[in-house]
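Asker: Right, I'll just put the structure down here and ask away after.
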Amino acid sequence: MATEIRRIAEQGVLTLPDVAWEQARQRMDVVGPLAALDFVGHQAADDAAHSLGLSRRQVYVLIRRARQGSGLVTDFARGQSSGGKGKGRLSEPVELIIRDLLQKRFLTRQKRSLAALYREIIQACKAQKLRVPARNTVALRVASLDPRKVVRSRGGQDDARDLQGVGGLPPEVTAPLEQVQIDHTVIDLIIVDERDRQPIGRPYLTIAIDVFTRCVPGMVVTLEAPSAVSAGLCLAHAACDKRPSLERLDVEMNWPMSGKPKLLYLDNAAEFKSEALRRGCEQHGIQLSYRPPGLPHFGGVVERIIGTAMQMIHELPGTRFSNPNQRGKYDSDGMAALTLRELERWLTLAIGAYHGSVHGTLLQPPAALWADAVARSGTPAIVTHATAFLVDFLPVIRRALTRTGFVIDHIHYYADALKPWIARRGSLPAFLIRRDPRDISRIWILEPEEQHYLEIPYRTLSHPAITLWEQRQALASLRQLGREQVDEAALFRMIRQMRDIVDTAQHTTRKARRDQERRQHLKTQSPSGKLAPPVTDVPDAQTEGQPAAMPFGQIEEW
């Protein structure tokens, strides 16, 4: 009997007030049956939340607590820790061992790992016949240490300098789109061109993730290396309605996570510190913040979702795996099967599956948390003019106005709207110009007085739309031919010849096939010549009949 009373006391029954006990019992009656199920859907969780006066997220927390507990009423009690708020539930001798070994074995220049520290704690507890704490408990003790002290003790004062003034912790986030992280990666997959379905190499992924809800509001897959344009395209995709891009990919799913971020949290790559991104964010009231150098965990949310996505990519035909040892004798080129657009469709479906899966940290699907947060705080502001928004993030050029318009890289641009400014060109400073490297058939100039953008096309409208890399290739070819002076006509003749070679070749090289794919988006222009909105394109018949995306599964255990 004494043993039973001691056990009950340890569980906190004798210390629970009557009101708290009754509340815990009601929670057990409602949530207990749900905890016994393998899967708890939204409707069941909502019903339980309504009857208990809780949120859906709190119900999922109680479910997890019940599954990890002993089937007791106190598993559902608030503040069930006997140590009180902010205190641990370990006995004082165990706490003393942990504190002592943290100081003497972990906070040293030898930089022992958490696993090594935990092994020593196990040995010390067993030697004193004490209950061994869980590894997660020790990990929480390490995480609660002052990051500046940890870095200073394990790496020295110089290593800790970057943490001074930033508190050693990533910014706290309390609402959707309050902080969005964006990052790039090369995808471990060989893709094929759409015409001959021959391998053309690996594409790049730029992805944005909302830190509060862990939802993915934006994604871009390109053949271009990461740049300011990649960041701008991803941001435009995140801020705009997803329905046009879903229709282009022939994907039927709900992707409501859209809106302008309040803050972009980025690493220190050059493309994230470009004038284009800085000016665009200033224009739209988006703050820019950068993770401290040498502290990759500050961007861990986006990096973890990228890592999980790449693990899934390894199951697709044509994967390159993460290293040559994993790849072995697997013929990535020979097995390649997906085009750029098919890969984008697959990733879109995978993101949809991820949004609907219970998150290991949130204990509910990211989509559910997004919906709850939007219901409380309102729908975020969604950008309705995608092209105009993207223009604000395009690379910046400055040029003086001439009597025939603007000349950029040997190409002339002119529109009648420039006439009033041409007459005053001598007194005007250089114009700020935006240009999309994917289509340089038009530029956007910032009108000096009204401060809005004017779209200026080629002066010679018969010229075809080209990409910046085509222009540079043609210019390099003309230089090789000994052309000291390059004019616009010669430049476009060279581009036409280069395109003819690629289009008519029986066996094109991988580079030529890749270059041809880079021009695919130029075919999406409307008859009026207006640039198609970002991530909006015509449907691709080749995407039909593709296998469904694999689920993201357990993603980003944060």
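The values are calculated or read from the model by the stated rules, or taken from the named source; none is laboratory data. The structure displayed is predicted, hence computed values, not measured ones. Here the Cβ is made from the backbone with ideal geometry for all residues, glycine too, and neighbour counts use every protein chain on show.
Asker: How do the pairs read when you match residues in region 316-332 that are more than 20 Å from THR185 (Cα to Cα) with residues anywhere that are of a type in the set (Ser, Thr, Tyr) and modelled with pLDDT of 65 or more, using Cβ under 8 Å and keeping only pairs 6 or more apart or on different chains?
Answerer: Pairs that qualify, where the first residue is more than 20 Å from THR185 (Cα to Cα) and the partner is of a type in the set (Ser, Thr, Tyr) and modelled with pLDDT of 65 or more, are TYR330/THR319.
Asker: With the requirement that a residue be over 26 Å from PRO420 (Cα atoms), in contact with a Leu (Cβ under 7 Å, 6 or more places away or on another chain) and of a type outside the set (Gly, Ala, Ser), what does region 432-466 give you?
Answerer: PRO437, ASP439, listed by residue number.
Asker: Looking at ARG496, ARG442, which one is farther than 25 Å from PHE389 by Cα and either surrounded by 13 or more Cβ atoms within 10 Å (Cβ to Cβ) or of a type outside the set (Asp, Glu) (or both)?
Answerer: Checking each option against the conditions leaves just ARG496.
Asker: Exactly one condition in (1) within 30 Å of ARG56 (Cβ to Cβ); (2) crowded, with 19+ Cβ neighbours inside 10 Å is not met by LEU233; state its number.
Answerer: Exception for LEU233: condition (1).
Asker: Between a first residue in region 90-118 that is farther than 13 Å from ARG154 by Cβ and in the same structural domain as ARG135 (by TED's automatic domain parsing) and a second residue that is assigned to a helix (DSSP H, G or I) and of a type in the set (Asp, Glu), which pairs have beta carbons less than 7 Å apart while being 6 or more apart in sequence or on different chains?
Answerer: Every condition considered, the pairs that remain are LEU101/GLU120.
Asker: Please enumerate the residues belonging to region 408-450 that are within 18 Å of SER462 (Cα to Cα), out of contact with any Asp or Glu (no Cβ under 7 Å at 6 or more places or on another chain) and among the aliphatic types (A, V, I, L, M).
Answerer: ILE408, ALA415, ILE440, ILE443
Asker: Tell me which residues, restricted to region 173-230, are assigned to a strand (DSSP E or B) and of a type outside the set (Val, Ile, Thr).
Answerer: Of everything in region 173-230, those that are assigned to a strand (DSSP E or B) and of a type outside the set (Val, Ile, Thr) turn out to be GLN181, ASP183, HIS184, LEU189, PRO199, GLY201, TYR204, LEU205, ALA208, ASP210, GLY218, MET219.
Residue by residue, here is whether (1) exposed (fewer than 15 other Cβ atoms within 10 Å of the Cβ); (2) modelled with pLDDT under 85; (3) in contact with a strand residue (DSSP E or B) (Cβ under 9 Å, 6 or more places away or on another chain); (4) in the same structural domain as GLN58 (by TED's automatic domain parsing) holds:
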position	(1), (2), (3), (4)
PRO324	yes, yes, no, no
LYS329	yes, yes, no, no
THR339	no, no, yes, no
GLU342	no, no, yes, no
GLY352	no, no, no, no
LEU369	no, no, no, no
ASP372	no, no, no, no
ILE382	yes, no, yes, no
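Asker: A follow-up question, please. What number of residues within region 459-504 are within 14 Å of ILE408 (Cα to Cα) and either not in a helix (DSSP H, G or I) or not assigned by TED's automatic domain parsing to the domain that holds VAL407 (or both)?
Answerer: 6
Asker: (1) over 22 Å from GLY356 (Cα atoms); (2) in contact with a Leu (Cβ under 6 Å, 6 or more places away or on another chain): which one isn't true of TYR204, the others all being true?
Answerer: (2)
Asker: So ILE190 fits all but one of (1) surrounded by 24 or more Cβ atoms within 10 Å (Cβ to Cβ); (2) free of Cβ contacts under 8 Å to residues at least 40 places away in the same chain; (3) not polar (S, T, N, Q); what number is the exception?
Answerer: (2)
Asker: Give region 404-436 a look and list any residue that's of a type outside the set (Val, Ile, Thr) and within 26 Å of LEU277 (Cβ to Cβ), or say none.
Answerer: PHE406, ASP409, TYR413, PRO429, ALA430, PHE431, LEU432, ARG434, ARG435, ASP436
Asker: Would you mention how many residues in region 404-437 are in a loop (DSSP other than H, G, I, E, B) and under 17 Å from GLU488 (Cα atoms)?
Answerer: 4
Asker: Determine whether ILE63 is of a type in the set (A, V, I, L, M), at pLDDT 75 or above and under 30 Å from ALA124 (Cβ atoms).
Answerer: Values: of a type in the set (A, V, I, L, M): yes; at pLDDT 75 or above: yes; under 30 Å from ALA124 (Cβ atoms): no.
No, not satisfied.
Asker: Starting from residues that are touching a His at 6+ places or on another chain (Cβ under 8 Å) and modelled with pLDDT of 90 or more, keep the ones in region 445-460 and report whichever is surrounded by the fewest Cβ atoms within 10 Å (Cβ to Cβ).
Answerer: Step by step, filter region 445-460, then rank; the result is THR460.
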